[in-house]
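The values are calculated or read from the model by the stated rules, or taken from the named source; none is laboratory data. Worth saying up front: this structure is predicted, and the values here are computed from it rather than measured. Here the Cβ positions follow ideal geometry from the backbone for every residue, glycine too, while neighbour counts run over all protein chains shown. Quick note on the areas: whole protein, heavy atoms, side chains included, nothing else; ligands and nucleic acids left out. Shrake-Rupley method; radii C 1.70, N 1.55, O 1.52, S 1.80 Å.
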Amino acid sequence: MIEDEARAVAAVAARCLTWSGWRRWEPVMRFGRLFTSGTHGDLRWGMMSSDSAGREACRLAMDSDLLYAEGYAGYPADVRAGAFSHPLAWAWCLDGENVVDPAADKQGTAFFGVALRPQYMRRVHESQRGDDGSEGFRWAFTRGDREVPPLDPATDIALDLGREIPSSVREWALTAEKHPGPARMLPEWVLAELLGTTDPGPAVLERYERMVNLFGADAAGPAPTVQNRFHEMFVRPSAPRQTPEAAPAGPYARFLVRHAEWFTSGVALQCAGNTGGVFSDDAETVGMIRDGDSLATLMRLADEHRPHCAWETSVTAETTEQPAFTPAEARLQANGHTFAVLRRLDYNAWDAWLRPQATDGEAAGVRLTRNGVSYEMALAVVFRAMGATMPTEFTRHYAGEQPDPTPYPPFTPTPELWAQPESRLPMTYERQIIRGLGLTECGQVAGTYSDATFLGGGIDGTSLAALIELAEENRPNTEWTLCPEDERADPELTVQKNAEVDLCWFRGGEAFFAALHRLDDGTWDAWLLPSNVSTAESERPVELLTPVGVSYELALTAIFRAMGDDMPTGFGLNYLNVRITPGLPDSAQA
């Protein structure tokens with residue numbers, strides 16, 4: 001067994017020992033075999049992703065006589081001193097004993113998994129279809145919101161293909177005690193058994209010798225072992241969990257963020273009411289936490305779970321009556337009817353609602369956004385939801401927030417105070433988002449990652465109440481939640497203080513595909529950059545979408561229409577107080 005094959009087997013074994021991973025990886029550990037690398041695909045975008053591996057392999061297997069296989073695969077590492085390959089959860093096809101790897105753009109070095117026969121794959125494929133018949137397959141072994149069909153090893157697995165692994169490792173991984181959290185380092189003897197040696201390896205020894213030569217033996221630490229060859233694959237054991245006495249109290253104390261490998265995102269919200277909020281393996285799963293979900297979304301998931309929770313009566317929390325507060329709104333109207341409403345949750349954090357055919361006095365009907373997003377993204381969500389029914393001409397009416405009592409006296413500049421007073425909007429927890437197993441606070445714009453602040457990691461098993469407490473502790477330190485008081489009364493001023501707004505391909509605010517400019521009369525134009533033009537080549541022709549100045553919202557929808565299917569579902573923004581885009585003519589020149 002070569003080292004990359006040992007790493008692939010170790011990856012499956014380690015995940016089979018986790019509470020969250022054993023359901024998915026137990027069949028692979030029990031029946032998995034090693035396979036020989038063969039042909040691979042030719043990805044035009046040049047980026048391999050586990051998200052597409054299962055679908056690509058399943059599609060190829062069902063369209064051919066090849067078998068589908070699923071497990072872990074290893075690929076060459078970047079060329080740098082002491083680098084190791086890192087195995088990935090992967091799926092491939094088998095032509096006899098040889099691997100056919102349609103989702104890879106380079107030759108694999110190791111494949112450990114289970115070869116599944118066509119009749120089982122047909123059952124899996126059908127069981128994972130959506131309620132509307134849509135394609136839903138991602139992996140054969142998964143415990144998301146669908147059950148895996150029963151597996152008969154004698155008829156559903158090609159047990160005669162591939163090479164065996166040490167039986168002692170297989171038996172140990174299937175019988176050892178499970179633990180919470182992500183995968184941990186395996187015992188020394190298991191790794192040595194896989195490698196067939198107790199030698200830590202030449203790359204590890206070379207790295208250690210360089211450290212000794214540079215800093216001395218004391219600084220270099222203990223001599224390397226076999227485990228050093230796997231160190232970057234695993235995490236250290238989790239710290240002891242907080243006791244109920246030390247945990248924050250309140251209505252969200254029993255809801256925990258948990259590592260959940262059976263979900264696409266790898267993270268879930270669970271209700272541990274049966275243990276009083278203590279970290280446990282048998283907590284009830286409330287739902288999957290998507291990457292980028294805000295604390296507000298998690299709180300909403302918890303609140304929706306309460307009516308069905310047998311432990312709700314065990315939670316008693318003191319609630320203080322909050323003053324009446326209606327957030328600022330942007331109402332989109334056509335033919336005298338409000339068809340959508342955008343609500344400001346925090347500064348540069350909005351949600352979107354579709355309003356049914358009803359009077360303006362009635363509440364917004366259908367919420368479209370899962371989390372707080374930028375104003376521009378909220379409008380894009382409305383545009384996407386309405387499709388062909390989106391009016392080509394509409395008006396926008398802003399309504400300022402309505403606090404009780406109104407705390408905003410008229411602003412009069414003085415020698416000591418020339419800037420407009422600022423204050424914080426009510427705490428909504430829309431800026432604090434879950435990324436992986438860490439808590440991050442968004443910067444200027446909700447739902448984007450530029451200017452973001454990392455608040456803490458290793459939150460597996462942490463209660464929602466503790467995360468809320470962490471967000472509140474950090475709130476005084478962030479500048480992005482400060483809202484000028486004139487903008488609280490007139491939300492349009494937030495848009496009009498920008499001279500240019502760029503729409504970027506990614507949420508971090510990188511290369512942009514469109515730009516909007518505020519004209520002297522307060523209207524806006526919209527420019528589209530062809531998708532093959534980078535900012536460095538902006539001398540090339542660009543397209544003016546608005547021959548005359550229009551409202552900010554109509555300028556945005558002109559971009560959405562022009563982009564069509566190429567419009568990214570998530571995009572970043574650059575807010576600029578001066579017009580700096582090079583190469584774009586102004587409206588008069590156009």
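Would you be able to say whether some residue in the stretch 511-521 is at pLDDT 85 or above, out of contact with any strand residue (DSSP E or B) (no Cβ under 9 Å at 6 or more places or on another chain) and either under 29 Å from residue 398 (Cβ atoms) or not in a helix (DSSP H, G or I) (or both)?
Yes; the residues of the stretch 511-521 include at least one that is at pLDDT 85 or above, out of contact with any strand residue (DSSP E or B) (no Cβ under 9 Å at 6 or more places or on another chain) and either under 29 Å from residue 398 (Cβ atoms) or not in a helix (DSSP H, G or I) (or both).
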Take the residues of the stretch 575-584 that are open to solvent by 40 Å² or more (accessible area, probe 1.4 Å) and not β-branched (Val, Ile, Thr): which is modelled with the highest pLDDT? 575
Restricting the stretch 424-443 to residues that are among the polar types (S, T, N, Q) and part of a strand (DSSP E or B), the one modelled with the highest pLDDT turns out to be 432
Within the stretch 324-339, which residues are modelled with pLDDT of 90 or more and among the small types (Gly, Ala, Ser)? 330, 334
Hey, among the residues in the stretch 18-48 that are buried (at least 17 other Cβ atoms within 10 Å of the Cβ), touching a helix residue (DSSP H, G or I) at 6+ places or on another chain (Cβ under 8 Å) and modelled with pLDDT of 85 or more, which one's farthest from residue 265 (Cα to Cα)? 34
Within the stretch 115-141, residues being within 24 Å of the chain's Cα centre (by Cα) and open to solvent by 60 Å² or more (accessible area, probe 1.4 Å) number 2
Taking first residues from the stretch 373-386 that are touching a residue at least 24 places away in the same chain (Cβ under 8 Å) and farther than 13 Å from residue 353 by Cβ and second residues anywhere that are surrounded by fewer than 24 Cβ atoms within 10 Å (Cβ to Cβ) and of a type in the set (Gly, Ala, Ser), the pairs with Cβ under 8 Å that are 6 or more apart or on different chains are 375/330; 377/570
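Here's the yes/no breakdown for (1) part of a helix (DSSP H, G or I); (2) within 30 Å of residue 179 (Cα to Cα); (3) out of contact with any Phe, Trp or Tyr (no Cβ under 8 Å at 6 or more places or on another chain):
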residue: 465; (1), (2), (3): yes, yes, no
residue: 470; (1), (2), (3): yes, yes, yes
residue: 475; (1), (2), (3): yes, no, yes
residue: 483; (1), (2), (3): no, no, no
residue: 486; (1), (2), (3): yes, no, no
residue: 494; (1), (2), (3): yes, no, no
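Let's see how each residue does on (1) at pLDDT 90 or above; (2) in a helix (DSSP H, G or I):
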| site | (1), (2) |
| --- | --- |
| 161 | yes, no |
| 169 | yes, yes |
| 174 | yes, yes |
| 197 | no, no |
| 208 | no, yes |
Looking at the structure I just gave you, is residue 488 open to solvent by less than 20 Å² (accessible area, probe 1.4 Å) and either at pLDDT 85 or above or out of contact with any Pro (no Cβ under 6 Å at 6 or more places or on another chain) (or both)? yes
One residue from 446, 378 being assigned to a helix (DSSP H, G or I), among the small types (Gly, Ala, Ser) and either modelled with pLDDT of 80 or more or touching a helix residue (DSSP H, G or I) at 6+ places or on another chain (Cβ under 7 Å) (or both): 378
Which of the numbered conditions does residue 534 fail, given that it passes all the others? Conditions: (1) under 31 Å from the mean Cα position of the chain (by Cα); (2) surrounded by fewer than 20 Cβ atoms within 10 Å (Cβ to Cβ); (3) at pLDDT 85 or above; (4) over 20 Å from residue 444 (Cβ atoms). (3)
Is it the case that residue 51 is open to solvent by 20 Å² or more (accessible area, probe 1.4 Å), at pLDDT below 85, acidic (Asp, Glu) and not in a strand (DSSP E or B)? yes
Out of the stretch 270-308, which residues are modelled with pLDDT of 85 or more, over 19 Å from residue 437 (Cβ atoms) and out of contact with any Leu (no Cβ under 9 Å at 6 or more places or on another chain)? 300, 303, 304, 306, 307
